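Asks: The structure that follows is given in the form of structure tokens.
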Protein chains: 2
Amino acid sequence: MKTRDRIIEASLELFNEQGERNVTTNHIAAHLGISPGNLYYHFRNKHEIISELFERYAAQVEGFLQRPTGRGMTMDDKAFYLEALLQGMWQYRFIHRDLEQILESDSALATRYRQFARTALSSAQQIYQGFADAGILRITPAIAETLAINGLIMLTAWVRFVATVSEPGQAITPAMLRRGVLQLVQLESPWVSDAYRAELDQLLARLDVPFAVIVPKINSEPEMA
Amino acid sequence: MKTRDRIIEASLELFNEQGERNVTTNHIAAHLGISPGNLYYHFRNKHEIISELFERYAAQVEGFLQRPTGRGMTMDDKAFYLEALLQGMWQYRFIHRDLEQILESDSALATRYRQFARTALSSAQQIYQGFADAGILRITPAIAETLAINGLIMLTAWVRFVATVSEPGQAITPAMLRRGVLQLVQLESPWVSDAYRAELDQLLARLDVPFAVIVPKINSEPEMA
């Protein structure tokens, strides 16, 4: 692998595991066993690495978040989107955890993010409308818009929500993200047509993760002495 | 008013208008026409002011976010909660805009926030269950839990969502927050019993704010020359 790509991969790994703000370019160079000078030859600073990672994330999401053309949508499409969203959240979870701080310190990235978020909103709305056109969801265009907005907020805020309510220092796990996707599906579940209810229930059952994985039950039954 | 209270009120005003991170204790003292020394006599640092503001916010929310006892719930309760949530969001909007950064730099406040969020989740779930018991919502306890979680995320993430997708430097307006509360009501609207549908539609109509107040339509029709 080229050094440039190795830097990107190592940065993603370290950002995800330790949080972006705890990882410096020196850490990344040391992790790869290269000199800081070699790293700076490829990236002038950490912002440039983060921008590149964001572009990869955005390209991935914009790649799959498309309404298919030339055919009606099916419940398999729904399973596909959810799986792809889960993968993106997990693979780039540092972006979801630190989004505000990352955008705060890089106004060019904030502009890029704004464009990405608006594209994602518009695509999500078209996808919900696609499910309506296929008879899977019984919704108006106004509800498709509301679902797209609530869905985007849910997905972008989930990792931080988990971080603020779970025990301090608790690591983000795939199960926690699956619960986030379950919350997303619950947004639309009341709108599903009767003919597709059983299929949706199967999807929900596959995602089922109790909320106690995030917030352990605190007031459990006292043990009998 | 006592100096201590004047400091709190002025800090809230400045934080809300300029963002917490752009306001120092020196700004606050200058705004009040008092010496920095006088301010430090009351608060050792900005963290202490923020903690006090958070306690006031938490006390306000915990005060109204309660299921009434000894009577069934009505649609008037729903209007009451929404109005109170809107007021809290507006009055303490700096907390909503900068939550992560505030908690990041003060671990005692992060612990306090965790407790607040868990209490709010539990209260919200009981309130949704109250609407179910009154026949207003047709939901199971599992759906009440999902609604409470999605509702808390929506409300706490809304101001930051607006900040990341709207035009740079655009101020937060009451209309933007009203749209957030509309999104919250949409979460539960499909679960409303037929008998209460008309009343809910009235509530939704009162909150109606087009999404274009947040993200202006970019691709509007080109004018004919």
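Asks: For A:Ala124, work out the one condition from (1) in a helix (DSSP H, G or I); (2) closer than 27 Å to B:Thr119 by Cβ; (3) more than 10 Å from chain B (Cβ to nearest Cβ) it doesn't fulfil.
Replies: Unmet condition: (2).
Asks: Search segment A:92-116 for residues that are away from every other protein chain (no Cβ under 11 Å) and pair each with any residue that is not in a helix (DSSP H, G or I) when their beta-carbon atoms are under 6 Å apart and the residues are at least 6 apart or on different chains.
Replies: So the pair list comes out as A:Arg93/A:Ile172.
Asks: Being assigned to a helix (DSSP H, G or I) and touching a residue at least 60 places away in the same chain (Cβ under 8 Å) is the requirement here; does A:Arg178 meet it?
Replies: On the way: assigned to a helix (DSSP H, G or I): yes; touching a residue at least 60 places away in the same chain (Cβ under 8 Å): yes.
Judged against the criteria, A:Arg178 is a match.
Asks: Here is a list of conditions, (1) in a helix (DSSP H, G or I); (2) surrounded by 13 or more Cβ atoms within 10 Å (Cβ to Cβ), and B:Ile34 meets all of them except one; can you say which number that is?
Replies: Just one mismatch for B:Ile34, condition (1).
Asks: Another question, if that's okay. Quickly run through segment A:1-22 and pick out the residues that are surrounded by 14 or more Cβ atoms within 10 Å (Cβ to Cβ) and within 22 Å of the chain's Cα centre (by Cα).
Replies: A:Ile8, A:Ala10, A:Ser11, A:Leu12, A:Glu13, A:Leu14, A:Phe15, A:Asn16, A:Gly19, A:Glu20, A:Arg21
Asks: Can I ask one more? Would you check if A:Ala195 is over 20 Å from the mean Cα position of the chain (by Cα), in contact (Cβ under 8 Å) with a residue 12 or more places away in the chain and farther than 30 Å from B:Ser107 by Cβ? If you could, list the steps in order and put the result at the bottom.
Replies: Numbers: over 20 Å from the mean Cα position of the chain (by Cα): yes; in contact (Cβ under 8 Å) with a residue 12 or more places away in the chain: yes; farther than 30 Å from B:Ser107 by Cβ: yes.
Criteria met by A:Ala195.
Asks: Against the definition (surrounded by 16 or more Cβ atoms within 10 Å (Cβ to Cβ), of a type outside the set (A, V, I, L, M) and part of a helix (DSSP H, G or I)), how does A:Gly63 come out, yes or no? Quick ask: steps written out before the conclusion?
Replies: Working: surrounded by 16 or more Cβ atoms within 10 Å (Cβ to Cβ): no; of a type outside the set (A, V, I, L, M): yes; part of a helix (DSSP H, G or I): yes.
Here the answer is no, as A:Gly63 does not meet what is asked.
Asks: Now for a separate question. Among the listed residues B:Val192, B:Val185, identify the single one that is at pLDDT 95 or above, in contact with a helix residue (DSSP H, G or I) (Cβ under 7 Å, 6 or more places away or on another chain) and assigned by TED's automatic domain parsing to the domain that holds B:Met73.
Replies: Numbers: B:Val185 fails: at pLDDT 95 or above.
So the residue among B:Val192, B:Val185 that is at pLDDT 95 or above, in contact with a helix residue (DSSP H, G or I) (Cβ under 7 Å, 6 or more places away or on another chain) and assigned by TED's automatic domain parsing to the domain that holds B:Met73 is B:Val192.
Asks: With the checklist (1) hydrophobic (A, V, I, L, M, F, W, C); (2) touching a Leu at 6+ places or on another chain (Cβ under 7 Å); (3) crowded, with 20+ Cβ neighbours inside 10 Å in hand, flag the one item B:Ala58 doesn't pass.
Replies: Only one criterion is unmet by B:Ala58, namely (2).
Asks: Does B:Thr119 meet the test of being more than 25 Å from B:Thr173 (Cα to Cα), free of Cβ contacts under 8 Å to residues at least 24 places away in the same chain, part of a helix (DSSP H, G or I) and not charged (D, E, K, R)?
Replies: On the way: more than 25 Å from B:Thr173 (Cα to Cα): yes; free of Cβ contacts under 8 Å to residues at least 24 places away in the same chain: no; part of a helix (DSSP H, G or I): yes; not charged (D, E, K, R): yes.
It is false that B:Thr119 is more than 25 Å from B:Thr173 (Cα to Cα), free of Cβ contacts under 8 Å to residues at least 24 places away in the same chain, part of a helix (DSSP H, G or I) and not charged (D, E, K, R).
Asks: Return the only residue of A:Ala171, A:Ala142, A:Ala148 being surrounded by fewer than 21 Cβ atoms within 10 Å (Cβ to Cβ) and facing chain B (nearest Cβ under 10 Å). Walk me through how you get there before you give the answer.
Replies: Details: A:Ala171 fails: facing chain B (nearest Cβ under 10 Å); A:Ala148 fails: surrounded by fewer than 21 Cβ atoms within 10 Å (Cβ to Cβ).
Answer to the check: A:Ala142.
Asks: Of everything in segment A:191-207 that's acidic (Asp, Glu) and surrounded by 11 or more Cβ atoms within 10 Å (Cβ to Cβ), which residue is nearest to A:Gln170 (Cα to Cα)? Spell out how you get there, then give the answer.
Replies: In the first step, residues of segment A:191-207 are kept if they are acidic (Asp, Glu); the result is A:194, A:199, A:201.
Then drop every residue that is not surrounded by 11 or more Cβ atoms within 10 Å (Cβ to Cβ), which leaves A:199, A:201.
Working: A:Glu199: 34, A:Asp201: 30 Å.
Once the filter is applied, the top-ranked residue is A:Asp201.
Asks: So if I check each of A:Leu147, A:Leu177, A:Leu152, which one is more than 25 Å from B:Ser166 (Cα to Cα) and assigned by TED's automatic domain parsing to the domain that holds A:Gly63? Working first, answer last.
Replies: Working: A:Leu147 fails: more than 25 Å from B:Ser166 (Cα to Cα); A:Leu152 fails: more than 25 Å from B:Ser166 (Cα to Cα).
Sole residue among the options that is more than 25 Å from B:Ser166 (Cα to Cα) and assigned by TED's automatic domain parsing to the domain that holds A:Gly63: A:Leu177.
For every residue, the table says whether it meets (1) touching a Ser or Thr at 6+ places or on another chain (Cβ under 7 Å); (2) farther than 28 Å from A:Pro210 by Cβ.
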{"residue": "B:Leu86", "(1), (2)": "no, yes"}
{"residue": "B:Phe94", "(1), (2)": "no, yes"}
{"residue": "B:Tyr113", "(1), (2)": "yes, no"}
{"residue": "B:Ile127", "(1), (2)": "no, no"}
{"residue": "B:Ala132", "(1), (2)": "no, no"}
{"residue": "B:Ile139", "(1), (2)": "no, no"}
{"residue": "B:Pro168", "(1), (2)": "no, yes"}
{"residue": "B:Gln183", "(1), (2)": "yes, no"}
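Asks: Return only the number of the condition from (1) buried (at least 18 other Cβ atoms within 10 Å of the Cβ); (2) within 29 Å of B:His96 (Cβ to Cβ); (3) not assigned by TED's automatic domain parsing to the domain that holds A:Ile143 that A:Thr25 does not satisfy.
Replies: It is condition (2) that A:Thr25 fails.
Asks: Looking at segment B:151-168, which of its residues are closer than 21 Å to B:Ala205 by Cα and either without any contact (Cβ under 8 Å) to a residue 24 or more places away in the chain or facing chain A (nearest Cβ under 9 Å) (or both)?
Replies: Matches in segment B:151-168: B:Met154, B:Trp158.
The values are calculated or read from the model by the stated rules, or taken from the named source; none is laboratory data. Model, not experiment: these values are computed from the prediction. Counting neighbours? That spans all protein chains shown, and the Cβs are built from the backbone with ideal geometry, glycine included.
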